[in-house]
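Please treat every number below as a calculation from the coordinates, not as lab data. Not measured: the values here are computed from a predicted model. Note that we place each Cβ from the backbone using ideal geometry, even for glycine, and neighbour counts take in every protein chain shown.
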Amino acid sequence: MSIEHEEMAVPLVDAHAHVFKRDMPLRDNPRHAPDYDFTLEDFIGVLDAHGVGQAVLAAASPWLDYNDYVIDCVRHSPRLRGTVILEPSVERIVMQDMDRAGIVGVRMHLIGLDRLPDLSTFEYRRTFRRIADLDWHIHLHADGKDLVDLLPVFEACGAKLVVDHLGRPTPEDGVDCAGFKAMMRSIEKGRTWVKASGPHRLGFKESAGYLKELLRQTGDTRIVWGSDCPFVGTEGTRYQETIDWFQDAVPDLAAQHRIGGLNALELYFGASKVSVVA
């Protein structure tokens, strides 16, 4: 796979991965509590071993708004961009400093909650406006069943939206999940993207079906691929498996080029002068 970008061949872009150290402060009662390091150096080694050129580091819920390590990593590597988790009280000047470091979005981790936060408060509306003013995106991780209620809120806030892990359809409903259908309608409105990521969490076969249906219904210009490396909680997953899954689910080479690289370059790296080659 290759993409020509300003006359240079550009390989895959991994739009979803994590880095961390075991001594970073964990939140109370985290969903996952890794007892190992997965450092920037470890991740760059994985990228190089698999011919992946650039990547986006996703903020992860075990560390809440302790974004320090992610920010340091993207600040020192032009190959990387990142998202952060923020409290809605964060000041604009803090976000501007993150922007200069290479942060491009705010992750809203709304999965597994007993009750969703009230996103209509002034504090959230203020933060959403600042996200839009910075030309960042909201990086949404939510259960498929909640997307019907959540998507209209984020569509109205003015910021770009990127939905994690194919929208996590409810397994019993699959592509007929109301949230999955709402996500596809949101794509048509022009400011929503979806990550083809997390197949090891949703099931490789099931995820391939979701991706194929998403591609059939919406086309290939609003989808990006991500590995979710280092597969916290399912560490037996191999990085190459996620690449093979993606390429098997999307056999068309032009679509592979867009989803695997072009779309992410435009969305995260601001690379607009990109032409696809089969």
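Each of F43, F204, F128 has some number of other Cβ atoms within 10 Å of its Cβ, and from fewest to most they run F204, F128, F43.
Structure remark: mean-square fluctuation, Gaussian network model of the chain, C-alpha springs under 10 Å; the largest value among R31, R129, R79 belongs to R31.
Here the range 3-275 has an Rg and Dmax of 17.3, 50 Å, counting Cα atoms alone. For the range 113-261, a simple Cβ point-charge model (Lys and Arg +1, Asp and Glu -1, everything else neutral) yields a dipole of about 500 debye relative to the Cα centre.
For the residues P78, P11, P117, a GNM of the chain with alpha-carbon springs under 10 Å puts the largest fluctuation on P117. Legend: ranking of residues L134, L150 from fewest to most surrounding C-beta atoms inside 10 Å; resulting order L134, L150. Around the amide H of A15, modelled in the peptide plane, lie the amide H atoms of V56, W225, G226, S227, all under 5 Å away and 5 or more residues distant in sequence or on another chain.
In the Gaussian network model of the chain, springs joining C-alpha atoms below 10 Å, which of D28, D149, D173 carries the largest mean-square fluctuation? For the chain, modelled as a Gaussian network with Cα springs under 10 Å, the answer is D28. Give the separation of the Cα centroids, the range 84-154 to the range 158-190, in Å. Using only Cα atoms, the two centres lie 17 Å from each other. For the chain, the number of Lys pairs separated by eight or more positions or lying on different chains, with C-alpha atoms closer than 27 Å, is 21.
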